1. Quick one: compute the contact order of segment 181-288, relative version, from alpha carbon pairs under 8 angstrom and 6+ residues apart, as a percent.
2. What is the chain's relative contact order, in percent, from Cα pairs under 8 angstrom and six or more apart in sequence?
3. Compute the Rg to Rh ratio over segment 20-105 from the alpha carbon atoms, using the Kirkwood formula for Rh, and round to two decimal places.
4. Just to check, using Stokes-Einstein with a Kirkwood Rh over alpha carbon pairs, what's the diffusion coefficient of segment 146-218 at 20 °C and 1.002 mPa s in µm²/s?
5. Could you state the angle between the C-alpha long axis of helix 81-113 and the longest principal axis of the C-alpha atoms of the chain, as a value from 0 to 90 degrees rounded to the nearest 10?
6. Can you list the aspartates and glutamates whose alpha carbon is less than 16 Å from that of K212, not counting same-chain residues fewer than 8 positions off?
7. Against the globular-protein guess of 2.2 N^0.38 Å, express the Cα radius of gyration of the chain as a ratio, rounded to two decimals.
8. Using the structure shown, list the pairs from K50/K224; K57/K194; K207/K228; K27/K224 with a Cα-Cα distance above 30 Å, or answer none.
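The values are calculated or read from the model by the stated rules, or taken from the named source; none is laboratory data. This is a predicted model, so every value here is computed, not measured. Heavy atoms of the whole protein, side chains included, go into the accessibility calculation; ligands, DNA and RNA do not. Shrake-Rupley method; radii C 1.70, N 1.55, O 1.52, S 1.80 Å.
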Amino acid sequence: MIWRALPWLLCCLAWAGQAGAMELEGKTSYAWSAFVQNAYAGTCSRVLKKYGEDVGKGEVLGYYRLDTEARDSIRQALDDGPLRAKQAEARVLDARLAESRLKLNGLREAVAAGVESPAGLEIAAAELELLETQRRLAGEEIQNLSSRLADERARIREELGGAAVSRDGIPREVPLPSPEAGIVAEQNIAPEMKLEKKFNCFRVAFKTLNVKCQVYAEDYARLKVGDKATVIIPQYPDRVFPATLIVLPLVPVDKGFAALSVYEVYFLVDAKDLFINEGVRAKVVLDK
């Protein structure tokens, strides 16, 4: 075990002897990561990608089966009963409108011939106007119900990983696709595992790695964005990674006395060929 740590010790000693070298302690962190969650409660059926494996954007990480309550909620959300009832009501109104228009035209001819009173014509005209208003309102409600149903179908389809869905056509398995290309940073599910709604099934991260360090105001004043550094990570004692300072905040974490203020700075590490865990201790050295 001692010989494996020897490169780390030699590098640390070499750095200690460098004149003007600034040494910082930090921890690795992902430049970006996101959890992949199940939109509905269910049971994990398959795991296709495991911790530490590369993934492409949209690549399926695993599948889960919907539980009975989740399937029932989807069926309820996609119920088109109210829409069909309103469409039937509109068809009845259309028939009544056609009949009312014929009646009104007949009354106009009868009034012109002097065989009907104008009062009857006014009543028929008012009845027609009422029917037209009812039909217009029914049409607007049909449009609103159709729009809401389409929105629900689109939402559920997205939640089900893009699978086609209808009230009577709910997929047996739901995919869990990766939101971006990267690496599986966390795998929290296994086959036949029960999943609560919105469970963090996987975590996908960019392979871009950062090292976050905290520095005091005295050292902070010597830094600038673009500064080059070298990083050693105990997980890979035989390698020294080049790095670049990418974030230099204007506001300290601790707003105490100026000399005691602490700033969080980030270094971008060139280590895309490896999978390095988040939260691993790292040493950063700059020639300052």
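1. On the way: 184 pairs, mean separation 32.7, N = 108.
Relative contact order for segment 181-288 comes out at 30 percent.
2. Values: 524 pairs, mean separation 92.8, N = 288.
Relative contact order, the chain: 32 percent.
3. For segment 20-105, the value is 1.45.
4. Working: Rh = 15.9 Å.
Stokes-Einstein gives a translational diffusion coefficient of 135 µm²/s.
5. Between helix and principal axis, roughly 30 degrees.
6. K212 reaches E23, E25, D227, D254, E264, D270, E278.
7. On the way: Rg = 34.4 Å, N = 288, 2.2 N^0.38 = 18.9 Å.
So the chain has a normalised radius of gyration of 1.82.
8. On the way: K50/K224 39 Å; K57/K194 26 Å; K207/K228 20 Å; K27/K224 20 Å.
Pairs exceeding the cut-off: K50/K224.
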